[in-house]
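The values are calculated or read from the model by the stated rules, or taken from the named source; none is laboratory data. The structure displayed is predicted, hence computed values, not measured ones. Here Cβ is always computed from backbone atoms with ideal geometry, including for glycine, and neighbour counts include all displayed protein chains.
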Amino acid sequence: MKNTALTHIHELLGAKMVSFAGYNMPVQYEGVTSEHLTVRNDVGVFDVSHMGEFYLKGENALALIQKVTSNDASVLTNGKVQYSCLPNVDGGIVDDLLVYRISSEEYLLVVNASNIEKDWNWISQHNDLGVEMIDKSTEVSLLAVQGPKAAEALQSLTEVDLKSMPYYTFKIDTFAGIKNVIISATGYTGSGGFEIYMKNEDAEHIWNAIFKAGINFGIKPIGLAARDTLRLEMGFCLYGNDIDDTTSPIEAGLGWITKFTKDFVNAEALKKQKEEGVTKKLVAFEIIEKGIPRHGYDIVDETGGGIGVVTSGTMSPSLKKGIGMGYVPKEFAKRDSKIFIQVRKKALPAVVVRLPFYKG
């Protein structure tokens, strides 16, 4: 198992550690619910250094990104970030990712930890354009500082005006006395905040500086379990659960990042799917009675016939009810449709709802 530059700190803090994507990662410190609510109400810090970072450089960097991603990266200007995905040739998704435009000839791609090698190989095999590709995944640490008090808590560490940074933009500047740190107004929680990219050797210094700066704002370390409940309350897809090599972006409700104004891998088939419609869709649901849906539970109709499987599910700490997502035939995908979640021997009634679950 690989360690991040901060593993020893998580262990000193008494975190429960688990193996995730080959890394030794903190799953929780105090407990999922209290950590979740810290991020919703104050500010929390996640070590997400297991994520992958690829730099693409050269005059054809954009052309390669346009070829392998579904979104239109040509609209990006320096300092802008875009959510996108890598379609495969079979209608599924290789991975979802963030695209950062540093300059017209330099981009940063941030990919999921479990897919680093797979994504690298996929992009490389399409790189017949002479683009320089650099994998910095093992050299970069990443902290997600999330919550409504994040800007205030971090402001003393940088001259960048954090409160004025629009969502999905970034700056490369001095942070906690360290030069060339990427400060990104992005995150996976729905409660605002920043993602801070640094060299591994600067990670401990920056971690300590963040906690010192945030001491009056209720800042706490947060584990991966609360990261999962936070993203699910927003309806953000998790690769390996809600999207994978067999699910298309159209089925997953990611048509908004699938732009047919350009050509990209499998564009024609996905365009046909968008025009003709899909047979199944990813839906969000709330359980009406007491019960917690979990990944892998069956979704059934009123006769008990199987119609799908829960891809993500939990007891929402913010809403105090069972919530989840799963693929169902399109006739069950309309808002307010009644479906049932098979929890052990009981089929619990649930209703299809519009995302996000958590409205803030």
**Prompt:** How many residues does region 249-260 contain that are in contact with a Pro (Cβ under 8 Å, 6 or more places away or on another chain), part of a loop (DSSP other than H, G, I, E, B) and within 13 Å of Lys281 (Cα to Cα)?
**Reply:** 1
**Asked** Given the structure, is Val81 closer than 17 Å to Ile182 by Cβ, under 16 Å from the mean Cα position of the chain (by Cα), in contact (Cβ under 8 Å) with a residue 12 or more places away in the chain and in a strand (DSSP E or B)?
**Response** yes
**Message:** For region 115-230, give me every one of the helices (runs of 4 or more DSSP H) that falls completely inside it and has 3 or more residues that are in the same structural domain as Asn88 (by TED's automatic domain parsing) and modelled with pLDDT of 95 or more.
**Reply:** 116-125
**Item:** Those residues of region 152-181 which are touching a residue at least 60 places away in the same chain (Cβ under 8 Å), over 16 Å from Trp207 (Cβ atoms) and either touching a Pro at 6+ places or on another chain (Cβ under 7 Å) or not hydroxyl-bearing (Ser, Thr, Tyr) (or both), in sequence order
**Value:** Glu152, Phe170, Lys171, Ile172
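Restricting the search to region 89-107, which residues are assigned to a strand (DSSP E or B) and in contact (Cβ under 8 Å) with a residue 40 or more places away in the chain? Steps first, answer last, please.
Here is the first cut: in region 89-107, the residues assigned to a strand (DSSP E or B) are 93-103, 106-107.
Answer for region 89-107, where residues must be assigned to a strand (DSSP E or B) and in contact (Cβ under 8 Å) with a residue 40 or more places away in the chain: Ile93, Val94, Asp95, Asp96, Leu98, Tyr100, Ile102, Glu106, Tyr107.
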**Message:** From the list Ala252, Ala153, exactly one residue is out of contact with any Leu (no Cβ under 7 Å at 6 or more places or on another chain), buried (at least 23 other Cβ atoms within 10 Å of the Cβ) and more than 21 Å from Gly52 (Cα to Cα). Which is it?
**Reply:** Ala153
**Request:** Test each condition in (1) closer than 30 Å to Lys259 by Cβ; (2) more than 16 Å from the chain's Cα centre (by Cα); (3) in a strand (DSSP E or B) for Met25 and report the one that comes out false.
**Result:** (1)
**Message:** Need a quick list: strands (runs of 3 or more DSSP E) entirely within region 272-360 having at least 1 residues that are in contact (Cβ under 8 Å) with a residue 60 or more places away in the chain, under 23 Å from Glu251 (Cβ atoms) and polar (S, T, N, Q).
**Reply:** 306-315
**Request:** Output the qualifying pairs, or none if there are none: Cβ atoms under 9 angstrom, residues six or more apart or on different chains, first residue in region 225-254 and without any contact (Cβ under 8 Å) to a residue 60 or more places away in the chain, second residue hydroxyl-bearing (Ser, Thr, Tyr).
**Result:** Arg231/Tyr188; Arg231/Thr189; Arg231/Ser312; Phe236/Tyr188; Phe236/Thr189; Ile250/Thr258
**Asked** Does Ile292 qualify as being under 17 Å from Tyr83 (Cα atoms) and surrounded by fewer than 18 Cβ atoms within 10 Å (Cβ to Cβ)?
**Response** no
